Amino acid sequence: MGEIGIAALIALIAVVGVPLAMLGGGIVYVVRLARRGTRATLDGAVKRRELA
């Protein structure tokens, strides 16, 4: 793998991790929409924000 510094390793994790986290969140959202429907999903999000 060669000599990779700590800073380069952290940068690599950030560059790969951010898009993976966005993709994971998108998949969870789409699955939730498919199971519960659009209206119920959005109503749940509004309710959760009002309680917080």
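Brief remarks on what is shown
Every residue, every condition in (1) assigned to a helix (DSSP H, G or I); (2) among the polar types (S, T, N, Q), yes or no:
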residue: I4; (1), (2): no, no
residue: L9; (1), (2): yes, no
residue: A14; (1), (2): yes, no
residue: G17; (1), (2): yes, no
residue: G25; (1), (2): yes, no
residue: V30; (1), (2): yes, no
residue: L33; (1), (2): yes, no
residue: T41; (1), (2): yes, yes
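- Selection status of V15, modelled with pLDDT of 90 or more and among the hydrophobic types (A, V, I, L, M, F, W, C): yes
- Test for E50: is it assigned to a loop (DSSP other than H, G, I, E, B) and not aliphatic (A, V, I, L, M): no
The values are calculated or read from the model by the stated rules, or taken from the named source; none is laboratory data. Just so you know, these numbers come straight off a predicted model, no measurement behind them.
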